[in-house]
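Notes for the one structure printed next.
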Amino acid sequence: ITGIEDEALLRPDAENYFEHAWAARSHLGAILGRDVDRSMVALAVNSARDRSQNQLHIHVGCVRPDIRGALKADAARLSEHWSVPALPAVDHPYLAIKLSRDTLSGFNPFQAVAEGVPGARTAMGLHTIVVIGATLEDGSPGFYVLSRRREDGAPAHGEDLIDQSCGLAKQAP
């Protein structure tokens, strides 16, 4: 699989790489030496023009605290329909959906972007996808799925929403 633009990711029987990456988040906790709450974890795939390798790879890390806070503050407005979240100005323009589910089993973010974001199916290589774990307003587990299209002069680095130092885990009791 070369990357987000690979048509194999959109087949009905496609491997759900995000599901596997989510399952591997326990390795993040092992590296940090502590349990990592689901709402601290972000998975990201960069656009074809903004990645460093010519193969599909998913960045696994902690979500930036400001992104987590912005999504939590906007949670009541977000739904399973793509809309623009209220993110910090530098991180616009993303589209987002909110999912109420414990795992990514049966939900493929690549397919969700291709089917739900206008024009994405024919230009998947221009998109980045970020999946962020969440504890929803009612206390149930969920996810935010974000997508950004690379525009002229505006890269689509999904990994920019990841905090490499994992400040959230360091703040948690």
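Can you show me the helix-derived [θ] at 222 nm for the chain, built from DSSP H runs with n ≥ 4 at -39,500 (n - 2.57) apiece and divided by the number of residues, rounded to the nearest 500.
After summing the helix terms and dividing by the residues of the chain, the value is -5500 deg cm²/dmol.
Which part of the stretch 112-147 falls in the paramagnetic zone of ARG49, meaning amide N under 14 Å from the point 7 Å along Cα-to-beta-carbon?
Counting backbone N atoms under 14 Å from the label point, the list is 123-128.
Match the structure shown to one of the listed values [x] 176; [y] 129; [z] 113 of volume of the Cα convex hull per residue in Å³, computed from it, and give that label.
Read-out taken from this structure: [z].
Hey, could you pull the Cα Rg and Dmax for the stretch 48-126, both in Å?
13.8, 38
Rolling a 1.4 angstrom probe over the protein heavy atoms, how many square angstrom per residue are accessible across the stretch 3-130?
Result: 48 Å² of accessible area for each residue.
Report D for the stretch 86-158 in µm² per second (integer): Stokes-Einstein, Kirkwood Rh on Cα pairs, 37 °C, 0.692 mPa s.
Translational diffusion coefficient: 251 µm²/s.
Calculate what fraction, in whole %, of the accessible area of the stretch 15-173 sits on carbon and sulfur atoms when a 1.4 Å probe is rolled over the protein chains.
Within the stretch 15-173, the accessible surface is 51 percent carbon and sulfur.
Would you please put 34-42, 131-139 in order of how densely packed they are, using the mean number of other Cβ atoms within 10 angstrom per residue and starting with the highest?
Peptide ranking by packing, descending: 34-42, 131-139.
Just to confirm a number: summing +1 for Lys and Arg and -1 for Asp and Glu over residues other than ALA156 whose beta-carbon lies under 13 angstrom from that of ALA156, what do you get?
Residues near ALA156 contribute -2 overall.
Please give the length that would be gained between ALA89 and GLN111 if that part of the chain were fully extended, namely 0.36 nm times their separation in residues minus their C-alpha to C-alpha distance (nm, one decimal).
Result for the pair: 5.2 nm of gain on full extension.
With r as the distance between the Cβ atoms of ARG101 and SER26 and R0 = 25 Å, compute the FRET efficiency 1/(1 + (r/R0)^6) and round to 0.05. Intermediate values should be presented prior to the final figure.
Values: r = 19 Å, r/R0 = 0.74.
Calculated transfer efficiency: 0.85.
Where does helix 65-74 land angle-wise versus the long Cα axis of the chain, in degrees 0 to 90, nearest 10?
80
The values are calculated or read from the model by the stated rules, or taken from the named source; none is laboratory data. Since we're looking at a predicted model, the values are computed, not measured. As a convention, Cβ positions derive from the backbone with ideal geometry for all residues, glycine included, and neighbour counts pool all protein chains shown. Keep in mind that these areas ignore ligands, DNA and RNA; they rest on the heavy atoms of the full protein, side chains included. Shrake-Rupley method; radii C 1.70, N 1.55, O 1.52, S 1.80 Å.
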